[in-house]
1. Round to the nearest 0.05 the FRET efficiency obtained for Glu201 and Glu387 when R0 = 45 Å and r is the Cβ-Cβ distance.
2. What list of whole percents do you get for P(r) of the stretch 8-181, with Cα-Cα distances grouped in 10 Å bins up to the one holding the largest distance?
3. What is the gain in length, in nm to one decimal, between Ser394 and Ser292 on full extension, counting 0.36 nm per residue of separation less the C-alpha to C-alpha distance?
4. Tell me, what % of the accessible area of the chain is carbon and sulfur with a 1.4 angstrom probe?
5. Per DSSP H run of at least 4 residues, take -39500 (n - 2.57); add these up for the chain, divide by its residues and hand me the 222 nm value, nearest 500 deg cm²/dmol.
6. Which of Leu51, Leu316, Leu79 ends up with the largest GNM mean-square fluctuation for the chain, with Cα atoms connected below 10 Å?
7. Expressed as a whole percent, how much of the Cα-Cα distance distribution for the stretch 109-172 exceeds 17 Å?
8. With r as the distance between the Cβ atoms of Ala55 and Arg353 and R0 = 60 Å, compute the FRET efficiency 1/(1 + (r/R0)^6) and round to 0.05.
Amino acid sequence: MNFWLGKEITLVVGGGIAACRVLDLIRGLKTRGAGVTVVGTEAATQFVTPLTFHAISGRPFHGSLFDPSLEGGMDHIRLARETDLVIVAPATADLMAKMANGLANDLATAMLLARKGPILIAPSMNVAMWEHPATRRNVATLQADGVRFCGPESGALACGEEGMGRLAAVETIIETARRCLEPQTLSGRHFLLTAGPTREELDPVRYISNHSSGKMGWGIAQGALRAGAQVTLVHGPVNLPSIPGALAIKVTSAREMYAQVMGLWETHTATQTLDAVILTAAVADFRPVVKSPEKIKKTAATTLNVELEANPDILLEIGRRSQSLVNGKRPFLVGFAAETGSALERGREKMARKKCDILVVNDLFEEGAGFEGETNRVTLLDSAGQEEVWPLMSKDAVGARLVATIAARLHPP
Ligand code: C5P
């Protein structure tokens, strides 16, 4: 199911140089299936013409409160009501000041004042303007009013200065917009995830690892964030874009991952601020006993013996530690098992041994399942002995469905 299909967005464009970049935002929303109606301030049309907005959005541009051809002067009310989400991008310092103070002297601000539903602001301005106490006050007021923010980001600004003030990336704005529209079933919840492979170094140039891409963990993190959860993601080396809003902690080896996860577990179980732990990482089971300080030289010998020792099992240890907590305060524990043959049998044994609430099993020999692809075919085993076979789905869809399954089983807050 396409989330964006049929969604209506009203995009308010302020008069900043980043107005040029919202053309890509309009394209991105439209390509996903949303309808976009553009409302601009007078200053916005100094950067991008009404004709360009019309051409890119495929709809007439709205710029005047007093356009007699539109709704007899009621355009601002209609635009505020007949939409799923209002996005303000770029939100200039001036536009935010007007919004924070309830000014309504043009179509854009009148429409924003008439708006009852969600509003997402993506600010963009010079760093000094962003950091000015007046802007800080306005941001705080707008946040207290329930307006959501996306960015700004730090970087090189159009004025030649460096700092906070760049319009957030288009993909980030679209993802944040989606989160404004998704049901917030996990609001106030905190999920801890592991994802990706680990690397166990043999010498300064070589390591032992596996084919894990991290995509499954990314899909779950995305699903949890969309449902309103706070997400901490401890991950090994992956080649994936960062997920806006997730607290990502990058590690390399299994022992580093173990140390991070146990530290987070201790902190958050002490304060009861952890609701679920989902361990998707393909942690290397063994590491070389010795890491050679120099590159191991090639010799005449045709074999090389490397002695390996076992890494700590993070899931096993979390399962053990969680047993000492009172049931109602125990974070929900999900493990993953990638097997090659006899997957369910091994999965059941693993689930009992590692004491998880759900074990997600996939058989790497099955078509569409496994490490590097975009899809997965999984079976869920739960502690009550139930078994649920899911069809072949994208890893994002598996992530969203798993998050919904966990949400339905969490203890009440
Ligand atoms: O025993 P196996 O490695 O198949 O178990 C897989 C599950 O255990 C996954 O959830 C994985 O993240 C977790 N695991 C772990 N630490 C290890 C090995 C596996 O957390 N050292």
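1. 0.70
2. Bins of 10 Å from zero give 10, 43, 37, 9, 0 percent of pairs.
3. Contour length minus Cα-Cα distance gives 32.7 nm.
4. Summing carbon and sulfur atoms, their accessible area is 53 percent of the total for the chain.
5. Roughly -10000 deg cm²/dmol at 222 nm, from the helical runs in the chain.
6. Of Leu51, Leu316, Leu79, the Gaussian network model singles out Leu51 as fluctuating most.
7. Of all Cα-Cα pairs in the stretch 109-172, 46 percent lie more than 17 Å apart.
8. With a Förster radius of 60 Å, E is 0.45.
The values are calculated or read from the model by the stated rules, or taken from the named source; none is laboratory data. All values reported here derive from a predicted model rather than from experimental measurement. Neighbour counts run over all protein chains shown; Cβ positions are idealised from the backbone, glycine included. Remember, those area values only see protein heavy atoms, side chains included, never the ligands or the DNA or RNA. Shrake-Rupley method; radii C 1.70, N 1.55, O 1.52, S 1.80 Å.
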